[in-house]
Amino acid sequence: MSLNQVDWDAGQEQEQANPLIMIHRLLRGKYIWVCTLAVVFGVAGGVAGYRSQEPQYNSTGQIRIQPSLPKVLFTTEQSTATQMFSSFVNTQAKLIQNPEVIQRALESDEWKAVSHLSDIQSVYDVRKNLRVKTSRAAQQIIEVSFSDEHPLVSSTIVGAVMDSYIMQFKNEGSIDIPEIRKMLENREANLIADRDNFDAQILAIAGRYRTENLEPLVLNALNTIRLLEAQREVLIDQKSRYEQSRKKIENGDSELLTPEQAAEDDPMIAGYLARKIELEEAKDEMMIAEGLREGHRDVQRLTSMIQSNQQRIESRLKELQSGEESLVLVDDDGNPIPSVDVLESKIEKLDAMLESAKNKSKKLFEDSVDLRDYRAKRADKQASIVQVTQRLDQIDTESQVKDAEQITGKISIVGRPITPSEPTSDPRIKMAGVGFVGAGSLPVLAALALAYFSHRIQYSDDDILSEASNGIVGMLPDLGDSLADKELADASAFAVHQIRSQLQIKNHLGESRVYGVTSPAPQDGKTSMIIAIGLSFAESGDRTLLLDLDFIGRGLSVHFGYPKAPSLAESLESSEAIDSLIHETEFDGLSVLPAGFGDDERVSRLSPRSVNALISHLRTKFDTILIDSGPILASVEASFVTPQADGMILVVGRGQQKPLVKKAVEYIRSLEGNIIATIFNRALAQDLRQSSNSMSVHFSRQISRQQEAVDGQPSMRVGPVAGALFCTKGVPTDVSVAKGAES
């Protein structure tokens, strides 16, 4: 039957992704004992959970964090709103849970008086049930609460923790903190000492110069240095003139000097030349302007003056060209220049004076810089002293603002904890429910895990069965040793007919069909099933042959009473011999070809050619041939039948290993075999009854008529499933005799 048409388990289209269906498949067949264990475990867990808790008493206290305090005189951080106030409040809430705060609370006399009522011994024990929270609606308020089995313990813990927090952090938000005051006083003393030190340094420098204003002294020293340097440059220039004159004489260049060249180094000649030019210009101007001639006395007087000036030039040139040691030079003003020795002596004295002036100026400049630096540092120290003094004044003034009760600063207790008279919560019922659910789920989870990880097939809707075939998935029940359950027997008969009808429907051309029947392993009920289907084919009018090619098990041969039949393996090559081995059964249209006695030793004679010849011959004589080929993984015969048959029917017994079934399917497909149907054998009666609502209706209508037919018939050795089919024909059956022959 196609899985797209019928869900054998639920009677509707499958929804594999539904988790409820998956859970049902894992738990079916185990509901009674799983539910029983779940109730037992759940009751035990609920009792344990109920006893594990006691009623809790909750006590709450309130701490207020003020954003600002009233201003007395100064505007300080105490009298202004705290920036990021919500963050400040949250920080204080965290500080309340500080381990040091809780430890101080546990060491208080208040707690020691009631500690015998509780098992609280450590900070961890307190923090487990201590709750500190802030409110957006009232940002200034921090609520501190504690829950315990004893009401006095809860209120005492809250009060001790709040007192401990106040003692440790009461100065938070206050400017009058002893540590800060001491720090400021020390800072003030250090600043004053530094200022006095700078004053001493300033007085020492001023004492050396008898004034604190060193800038005029520095300027005077610089002017002295510049004057000495200018005098030295003049002496150096005069000395260089002597040196240049001597070099020219030594090099012989003085004889070649013209007045103009000599004038470059000698100011006297330069003056004579200037006088000459002036006289010549005056003579020319006189002669032109007045029209005078050379003989005019004024012209002659100028000419005489020009000649006298020329003689002076020539005389000076001779003096310069002579190279005499007594040569005396003159400066630009015409004054005689001292000798070289005198110049060198003056230069040496000036160098000493210049060095002394520079040293004095350097020291003066350094002292001036130090004095300016000391004054700046003293000013900084004085400014800091003023700030510290003002801060101390602020602290002394503004710290007079105190809380109305006892706390200085912005933190105060506004609500003391009250000892509760009634429990605020009773977790016993909740823990009982948790224990019941938790413990009760253990058997369910264990059953789900065992079923999920089980490798055995228990129900007909297992995925591996539907994936193995081309759509036909049948199911046969476990009838036990008799047909006492008539409804179950009829259901099994209906299932056999349904499998047979689908095989016939697939054979729409009406040709002779050969079906190999195999199983993954022995004891899957393959032989009993092949007899039942063979009877169904025969009853439908098909000439049906049951061929026993299971040379080792020989289940068909034993069932039909041919345990000592002649060898089939030796007759495979002869059609006449094969025909002689075929036996008619007591059922119309049903024949059997048994395996011969000792054929298990002649299995080596089988080959694809011989099996093909056998099947081809039998096709001409029968409409339907069912071949019992033995387990596919444990017999040679099944390997030869698989590629020759029109389809393989795979019989899987309940409890079979899934890996073994998967391996069998893969092996059949590797032989190019076609699994046309998968039969789930020995299914639970409940599984069969719930496979289809329509079948249940059919069975209920036929119960009485089938009961009467079964009771009046003689026994026959066939097997339980086949016996169910005999009941529908009115043939008596004794299944207890045939049960031992199933394979």
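The values are calculated or read from the model by the stated rules, or taken from the named source; none is laboratory data. None of the values given here were measured: they were computed from a predicted structure. So basically every Cβ, Gly included, is an ideal-geometry build from the backbone, and we count neighbours across all protein chains shown.
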Open item on the list: What pairs come out if I take residues in segment 608-630 that are under 14 Å from S574 (Cβ atoms) and touching a residue at least 24 places away in the same chain (Cβ under 8 Å) and pair them with residues that are part of a loop (DSSP other than H, G, I, E, B) and charged (D, E, K, R) whose C-beta lies under 8 Å away, six or more apart or interchain?
Closed with: S610/E573; A613/E573
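Looking at S145, is it closer than 28 Å to S86 by Cα and assigned to a helix (DSSP H, G or I)?
Working: closer than 28 Å to S86 by Cα: yes; assigned to a helix (DSSP H, G or I): no.
So S145 does not fit the description; no.
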Open item on the list: Please pick out the residue among G525, G534, G555 that is within 60 Å of the chain's Cα centre (by Cα) and not charged (D, E, K, R).
Closed with: G525
Open item on the list: Considering only segment 481-496, I want to know if a residue exists there that is outside any helix (DSSP H, G or I), in the same structural domain as P659 (by TED's automatic domain parsing), at pLDDT 70 or above and not aromatic (F, W, Y).
Closed with: no
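Condition test on S574, is it more than 21 Å from V517 (Cβ to Cβ), in the same structural domain as L503 (by TED's automatic domain parsing) and among the polar types (S, T, N, Q)?
Values: more than 21 Å from V517 (Cβ to Cβ): yes; in the same structural domain as L503 (by TED's automatic domain parsing): yes; among the polar types (S, T, N, Q): yes.
Yes, satisfied.
Considering each of G673, G655, G598 in turn, give the residue that is on the phi > 0 side of the Ramachandran plot and in contact with a strand residue (DSSP E or B) (Cβ under 6 Å, 6 or more places away or on another chain).
Going through G673, G655, G598 in turn, just one is on the phi > 0 side of the Ramachandran plot and in contact with a strand residue (DSSP E or B) (Cβ under 6 Å, 6 or more places away or on another chain): G655.
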TODO: Working carefully through the options V123, V161, find the one that is surrounded by 16 or more Cβ atoms within 10 Å (Cβ to Cβ) and either without any contact (Cβ under 8 Å) to a residue 40 or more places away in the chain or in contact with a Pro (Cβ under 8 Å, 6 or more places away or on another chain) (or both).
DONE: V123
Task: Odd one out for E149, checked against (1) farther than 25 Å from E100 by Cα; (2) under 60 Å from the mean Cα position of the chain (by Cα) - done: (1)
TODO: Give the residue that is surrounded by the fewest Cβ atoms within 10 Å (Cβ to Cβ), with candidates limited to residues of segment 657-696 that are at pLDDT 80 or above and part of a loop (DSSP other than H, G, I, E, B).
DONE: E672
Open item on the list: For the structure I just gave you, tell me whether T624 is at pLDDT 60 or above and within 24 Å of E539 (Cα to Cα).
Closed with: yes
- [ ] Go through (1) among the small types (G, A, S); (2) touching a residue at least 40 places away in the same chain (Cβ under 8 Å); (3) under 18 Å from K381 (Cβ atoms) one by one and return the number of the condition A200 breaks.
- [x] (2)
Open item on the list: Taking the criterion of being within 30 Å of T678 (Cβ to Cβ), modelled with pLDDT of 80 or more and surrounded by 14 or more Cβ atoms within 10 Å (Cβ to Cβ), would at least one residue in segment 9-19 satisfy it?
Closed with: no
Open item on the list: Can you pull out every residue in segment 578-595 that is touching a Phe, Trp or Tyr at 6+ places or on another chain (Cβ under 8 Å), free of Cβ contacts under 8 Å to residues at least 40 places away in the same chain and in a loop (DSSP other than H, G, I, E, B)?
Closed with: T585
- [ ] For residues that are of a type in the set (V, I, T) and farther than 19 Å from G415 by Cβ, scanning just segment 156-199, find the one that is modelled with the lowest pLDDT.
- [x] I175
- [ ] Test each condition in (1) over 30 Å from I505 (Cα atoms); (2) outside any loop (DSSP other than H, G, I, E, B); (3) free of Cβ contacts under 8 Å to residues at least 40 places away in the same chain for D600 and report the one that comes out false.
- [x] (3)
TODO: Identify the single condition in (1) more than 36 Å from the chain's Cα centre (by Cα); (2) buried (at least 16 other Cβ atoms within 10 Å of the Cβ); (3) modelled with pLDDT under 80; (4) not assigned by TED's automatic domain parsing to the domain that holds M167 that T82 does not satisfy, given that it satisfies every other one.
DONE: (4)
Task: Flag if L191 is part of a helix (DSSP H, G or I), crowded, with 16+ Cβ neighbours inside 10 Å and of a type outside the set (F, W, Y) - done: yes
Open item on the list: Restricting to segment 346-379, and then to whatever is more than 30 Å from D196 (Cβ to Cβ) and of a type in the set (S, T, Y), can you tell me which residue is surrounded by the most Cβ atoms within 10 Å (Cβ to Cβ)?
Closed with: S361
TODO: For G516, state whether it is in contact with a helix residue (DSSP H, G or I) (Cβ under 6 Å, 6 or more places away or on another chain) and modelled with pLDDT of 75 or more.
DONE: yes
TODO: Could you grab me the full set of residues in segment 357-378 that are among the polar types (S, T, N, Q) and within 29 Å of L191 (Cα to Cα)?
DONE: S368
